[in-house]
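Worksheet: the structure to be examined is printed underneath.
The values are calculated or read from the model by the stated rules, or taken from the named source; none is laboratory data. These numbers come from a predicted model, not from an experiment. Don't worry about glycine lacking a Cβ; one is built from the backbone with ideal geometry, like all the others, and counts go over all protein chains shown.
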Amino acid sequence: MARTVPKQRRSRWTTVLAVALVVAAGVVAWFGMASGRSANASPATVTIAPVSTHDQSAEAPSLPQGGLPTRLVVPRAGINAGITEVGVISDGGVAVWETAWRAAGHHMDSARPGQPGNMVISGHVSVADSRNLAVFSALDKVAPGDIVEVYSGDDVFRYKVNKVVVVPASAVAVLRSDHTATVTLITCTRDLKNRLVVQGTLI
């Protein structure tokens, strides 16, 4: 036969059990928060990889540092002309490249002498104003294998011509650049309808 527990004692045990459960829940919550705080990357627990003291800049290849081009010499075409900087100007609301006055024009957003990239130099094949100079009037005499010399002060950079082509005036691919040090000479054809392009690679 089951033993009957007095009602007053049952009430006391129920209270003790409830208090114990509340305390246990508090302990669990406390340790849960503490472990959460330690998991949240405090400065003391962050592991930082050591920084290498190896000088990586010593491994970088040194590239020729040419200044602005100052003179262009192309013996085959009898060209010996100064070079000035030219940029984009507005001609009747249309953006066009300006052409140098009494000189060849170095496109200022292109490469410099000796540097990787395409150095673009343009000039007149003929002029309407007798005070001006047609620096590229004999550029069509240049052939593959000829030498183009570009000076930057006293420094001279020599390019060997590997391409002579005639392209439409709208052809902009000849202005493109890559890691190769090249020079591109541009003028109009004698009938002024197309562009004569001479390209060479640094030697």
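Let me spell it out: the conditions are (1) modelled with pLDDT of 85 or more; (2) outside the structural domain of D178 (by TED's automatic domain parsing), and S52 meets all of them except one. Which number is the exception?
Going through the list (1) modelled with pLDDT of 85 or more; (2) outside the structural domain of D178 (by TED's automatic domain parsing), S52 breaks only (1).
Filter the range 170-201 for residues that are assigned to a loop (DSSP other than H, G, I, E, B) and among the charged types (D, E, K, R) and give the result. Break it down stepwise before answering.
Restricting attention to the range 170-201, the residues satisfying the condition of being assigned to a loop (DSSP other than H, G, I, E, B) are 170-172, 176-180, 189-193.
Those that are assigned to a loop (DSSP other than H, G, I, E, B) and among the charged types (D, E, K, R): R176, D178, R190, D191, K193.
Name the residue that is farthest from the chain's Cα centre (by Cα), counting only residues in the range 138-169 that are among the small types (G, A, S) and not in a strand (DSSP E or B). Lay out the reasoning, then the answer.
Looking only at the range 138-169, we keep the residues that are among the small types (G, A, S), and these are 138, 143, 145, 152-153, 169.
Next, from what is left, pick out any that are not in a strand (DSSP E or B): 138, 143, 145, 153, 169.
Details: A138: 35, A143: 32, G145: 31, G153: 26, A169: 27 Å.
Per the criteria, the residue is A138.
To keep it simple, each residue is scored yes or no on (1) under 18 Å from E85 (Cβ atoms); (2) among the aliphatic types (A, V, I, L, M); (3) in contact (Cβ under 8 Å) with a residue 12 or more places away in the chain.
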site	(1), (2), (3)
R112	yes, no, yes
Q115	yes, no, yes
F136	yes, no, yes
V142	no, yes, yes
S152	yes, no, yes
K160	no, no, yes
V164	no, yes, yes
A169	no, yes, yes
K193	no, no, yes
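Being of a type in the set (G, A, S), surrounded by fewer than 18 Cβ atoms within 10 Å (Cβ to Cβ) and not in a strand (DSSP E or B): is that true of S110 here? Before the answer, list the steps.
Details: of a type in the set (G, A, S): yes; surrounded by fewer than 18 Cβ atoms within 10 Å (Cβ to Cβ): no; not in a strand (DSSP E or B): yes.
When the stated conditions are applied, S110 does not pass them.
Taking the stated definitions as given, is S110 assigned by TED's automatic domain parsing to the domain that holds L185, closer than 21 Å to T180 by Cβ and modelled with pLDDT of 95 or more? Quick ask: steps written out before the conclusion?
Values: assigned by TED's automatic domain parsing to the domain that holds L185: yes; closer than 21 Å to T180 by Cβ: yes; modelled with pLDDT of 95 or more: yes.
Considered against the rule, which asks whether it is assigned by TED's automatic domain parsing to the domain that holds L185, closer than 21 Å to T180 by Cβ and modelled with pLDDT of 95 or more, S110 comes out as yes.
Identify the residue in the range 117-134 that is in contact (Cβ under 8 Å) with a residue 40 or more places away in the chain and small (G, A, S) and, among all such residues, is nearest to R158 (Cα to Cα).
Of everything passing the filter in the range 117-134, G117 is nearest to R158 (Cα to Cα).
When the residues of the range 69-99 are filtered to those that are in a loop (DSSP other than H, G, I, E, B) and out of contact with any His (no Cβ under 8 Å at 6 or more places or on another chain), which remaining residue is nearest to S152 (Cα to Cα)? If you could, list the steps in order and put the result at the bottom.
Our first condition is that a residue be in a loop (DSSP other than H, G, I, E, B); within the range 69-99, this holds for 69-70, 78, 87, 92-93, 98-99.
In the following step, the residues that additionally are out of contact with any His (no Cβ under 8 Å at 6 or more places or on another chain) were identified as 70, 78, 92-93, 98.
Details: T70: 5, G78: 19, G92: 34, G93: 34, E98: 21 Å.
The selected residue is T70.
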